[in-house]
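One structure is given below, encoded as structure tokens.
The values are calculated or read from the model by the stated rules, or taken from the named source; none is laboratory data. Bear in mind the structure is a predicted one, so any value in this text is a computation, not a measurement. Here the Cβ is made from the backbone with ideal geometry for all residues, glycine too, and neighbour counts use every protein chain on show. Note: areas computed on protein heavy atoms with side chains; ligands, DNA, RNA excluded. Shrake-Rupley method; radii C 1.70, N 1.55, O 1.52, S 1.80 Å.
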Amino acid sequence: MGDLPVLGAAMCVKHLSQHRDWLLELPRDLELQDFCDWDMLESGGDSLVAEAKKLLDGHEGRLGLHGPFWNLDISAADPLIQRVVRRRLDQAIGLCAKMEASQLVVHSPYSIWDYNNLDLHVQSRQMKLDMIQANLKDVLAKAADIGCVLVLENIEDIDPSYRMDVLKRIDSQALALSIDTGHAHYMHSCYGAPPVDYFIRAAGDALQHVHIQDIDGYADRHWNPGEGVIAWEHVFKELAGLESNPRLILEIMDVANLRKGADYLVGLGLAR
């Protein structure tokens, strides 16, 4: 039992009181999701940071933040849009410093369109990598300084190797991979991507973060495990072979009832 991975969760600060006892009973990893909002990024979030730190007194798990993602393409090529992208990332890493968070979740820029068109023109794949590297350069340097890692989450990714190409190109200890199980299964069901366990296998020990959510294959449901169709035994079998100890973060739409999904995985003997 002690060798089983410990589940963590994603939530906003307003939900911490409800789940505090569960978060503190084991060293459960936590991802706070308030700080991706542009108003929070602009204001600096000092009052919410103070509230979160008070509620997390005694928390022994690892802490991460979900980074900004609305309208934010980290492969942006237009210099004017690049300034927005870089500003938001800079603000997010500043909040990581305030919260002493060691991870920042960032969305992949690869799209369904890219899968069939990225190699249509000779330089397209290289140009996209160039832009990603340029847009992440400063934030990765700041992340390294504060001991934080950006984890690149699959969104519309059909080919799981694309994000690995980013890691190979940038080669920074402050950049790793994230897998969202629901996103992976959605792309598998609707667009022919590999199944979730293949995404995990492809990431290998570059994987440092997992969003755990279940879906029916039609939409990005963010249901509790057991409410959809994902084959969790196979997912956790692949996770068990990793040495990178990724954070296993329940990211559930119905945050008030996330314990239901946790209990389901515990009942299958897959996690604690």
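Annotations for the structure displayed:
- Selection within region 240-272 - surrounded by 21 or more Cβ atoms within 10 Å (Cβ to Cβ) and in a helix (DSSP H, G or I): Leu258, Gly261, Ala262, Leu265
- Each residue in region 5-55 was checked for being open to solvent by 70 Å² or more (accessible area, probe 1.4 Å) and without any contact (Cβ under 8 Å) to a residue 24 or more places away in the chain, and 7 of them qualify.
- Residue match in region 147-167 (condition: open to solvent by 50 Å² or more (accessible area, probe 1.4 Å) and without any contact (Cβ under 8 Å) to a residue 40 or more places away in the chain): no
- Filter result for His183 (in contact with a Gly (Cβ under 9 Å, 6 or more places away or on another chain) and either buried (at least 16 other Cβ atoms within 10 Å of the Cβ) or free of Cβ contacts under 8 Å to residues at least 40 places away in the same chain (or both)): no
- Output for region 1-59, where each listed residue is assigned to a loop (DSSP other than H, G, I, E, B), of a type in the set (A, V, I, L, M, F, W, C) and touching a Pro at 6+ places or on another chain (Cβ under 9 Å): Val6
- Asp138 being open to solvent by 50 Å² or more (accessible area, probe 1.4 Å), over 18 Å from Ile230 (Cα atoms) and either in contact with a Ser or Thr (Cβ under 7 Å, 6 or more places away or on another chain) or among the β-branched types (Val, Ile, Thr) (or both): no
- Residues satisfying the stated conditions in region 56-87, i.e. open to solvent by less than 40 Å² (accessible area, probe 1.4 Å) and more than 24 Å from Leu177 (Cα to Cα): Leu56, His59
- Per-region count, region 196-237, residues within 14 Å of Asp157 (Cβ to Cβ) and open to solvent by 30 Å² or more (accessible area, probe 1.4 Å): 3
- Looking only at region 155-207, and only at residues there that are among the small types (Gly, Ala, Ser) and over 17 Å from the mean Cα position of the chain (by Cα), the one that is nearest to Ala134 (Cα to Cα): Ser172
- Selection status of Ser124, open to solvent by 10 Å² or more (accessible area, probe 1.4 Å), out of contact with any helix residue (DSSP H, G or I) (no Cβ under 6 Å at 6 or more places or on another chain) and within 22 Å of Ile179 (Cβ to Cβ): no
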